Structure formats: structure tokens, C-alpha cells
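A quick write-up on the structure given underneath.
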Amino acid sequence: MSPRPFKATDEQVFEAAGRVMARVGPAQLTLAEIAAEAGLTAGALVQRFGSKRELLVAFSKRASEATPDLFTGLRAANPSPLAALRAYGDCMAQMGESPGALANHFAYLQLDLGDPALRRQTMRQARSTRAGLRALVADAISAGELVPETDPDRLARTVEVTLGGSLIAWGFYQEGSAAGWLREDLDAVLVPYLAPPVGRSTRAKGKRERRRNSV
């Protein structure tokens, strides 16, 4: 006799786990609550994943694997590389939907860093994120949105560090929305690298040429 099919896919379970994890910290997280969120029984999750820890490892693995697709989707949905870069900041700001949700996310990060299996997936996700940011910066240079002298590796790292630090700082101050806070900090970092508008660049070039011809 074949086993009964599960009522929810792994992806639906992970989505349910993500919603529960935003509401409660690691100490309060239970398979029963995740199961209820997904429309399953705790026993079904035990049968599928084995334990809460193994579910969290699978959840983290899925997040790391999905990171390249996230950047592909952002690039496809936005008219410019810089718009996609800012949209990534908006996605990251979703962890700060509320101060409590942000505190829970940081609690899970602490868990990720202390567990070798979880840390491997966290590192994998971080590397994929850095690569995605670098690709957006390189595209922005090619599109003329950033000056040609921009170093894609260096700016990608700066953006990554800025957004992470900005999210923590928003947790301290809690002024306005997390999305607005991160956007302001990201724009401040990008200012020195922004290419001038075409019209302004052309006028400035014309002025320089006229000065040279008048000498």
C-alpha cells in the first residue's frame, strides 16, 4: 500500500515556516505551529523532515538555492539595474516588517551562525547574494547608470554591508519604515558612483571644449 500523499508541498511548508518564524523566535518555534500554518499535522512534518532542526536545515538550504532566482526575478521586473538594486533593498527590509519580526530574524541568524549545518547554508546564501549584487552593479555600469570607473566587487560588498548595517540601525531607532531607512542609506552609498544624466554630461563636455578653444 502506497503512503498517502502530503497535502502541502515542501515549498508550501517552507512558506508556512517563514511566516511562523517572523512571529516567534527559535525557542518558541514548534513543528506543531508550522504544521498548523501549513495545514498539516506535526506527525506529517516529523515523517517528512525528521525533526525541527532538520526542517530548519532544509528551509535554509531552500533559501540559499533560491537566491539566484530572486535576483533574476528582480532584474526582470525592473526597468534598470539600479532599480533592481533598490528593489533588493526593499526585499531585505521585509525582515523589518515590525521590530518584533526583526528581533526574531536576528535570533535565527544567531542560530544559523552557531550550527555548522545551518552556517554552511547561510554562507552559501551570502555568497549568492554577493554575486547577485555584483551582477546588478556590473549591469548598471554597462547601462551607463554608474560611472565606468566603478569597481563592481568593491561596490557590491559595500552595498551588502550597508544594507545589513542599515537594517540593524533601523532596529535601534525605529524611525519610519525599514524600507525607507534602507533606501536612504543605499542611495547615500550610490551617490558618488552615479553617472551624470546624458544631457548634463554633454553640456559639461561642451563647456570644457569651449574653454580649451578659447585659450
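What FRET efficiency, computed as 1/(1 + (r/R0)^6) with R0 = 30 Å and r the Cβ-Cβ distance, is obtained for GLU65 and SER177, rounded to the nearest 0.05?
Here the calculated transfer efficiency is 0.55.
Need the full-extension length gain, GLU149 to ALA42, defined as separation in residues times 0.36 nm minus the C-alpha distance. One decimal, nm.
Working: separation 107, 0.36 × 107 = 38.52 nm, distance 5.51 nm.
Length gained between GLU149 and ALA42: 33.0 nm.
Need the full-extension length gain, ALA131 to ALA117, defined as separation in residues times 0.36 nm minus the C-alpha distance. One decimal, nm.
Taking ALA131 through ALA117 to full extension adds about 2.9 nm, to one decimal.
Hey, got the Cα dimensions of segment 1-50 along the principal axes, in Å, largest first?
Its Cα atoms span 39, 17, 14 Å along the three principal axes.
Roughly how compact is the chain, stated as its Cα Rg over 2.2 N^0.38 Å to two decimals?
1.31
Please state the relative contact order of segment 1-103 as a whole percent: Cα pairs under 8 Å, 6+ residues apart?
24 percent
For an R0 of 25 angstrom, estimate the FRET efficiency from the Cβ-Cβ distance between ASP10 and ILE168 and round to the nearest 0.05.
Efficiency, from the Cβ-Cβ distance: 0.20.
Given H placed 1.01 Å from N in the peptide plane, which residues other than close sequence neighbours of LEU146 have an amide H under 5 Å from its amide H?
It is ILE141, ALA195, by chain and number.
For segment 34-141, what is the convex hull volume of its Cα atoms per residue in Å³? If you can, show how the numbers build up before the last one.
Working: hull volume 12.7 nm³, N = 108.
Here the figure is 117 Å³ per residue.
Let me check against my output: what whole-number percent is the relative contact order of segment 1-50, with C-alpha pairs under 8 Å and at least 6 apart?
Dividing the mean separation by the residue count of segment 1-50 yields 36 percent.
Quick one: compute the contact order of segment 66-195, relative version, from alpha carbon pairs under 8 angstrom and 6+ residues apart, as a percent.
32 percent
Given points 7 Å out from each Cα along the Cα-Cβ axis, report the SER98 to GLN28 separation in nanometres with one decimal.
It works out to 0.9 nm between the two label points.
Using +1 on the beta carbon of Lys and Arg, -1 on that of Asp and Glu, and nothing else charged, what's the dipole of the chain about the Cα centre, debye to 20? Mind dumping the intermediate values first?
Working: 28 positive and 23 negative charges, 173 e Å.
The calculated dipole for the chain is roughly 820 debye.
What's the angle, to the nearest 10 degrees (0 to 90), between helix 116-142's Cα axis and the longest principal axis of the chain?
For 116-142 against the chain, the angle is about 30 degrees.
Read the figures in this text as sums done on the coordinates, not as results from a lab. All of these numbers come straight from a predicted model, not from anything done at the bench. No Cβ is skipped: glycine too gets one built from the backbone with ideal geometry, and neighbour counts run over all protein chains shown.
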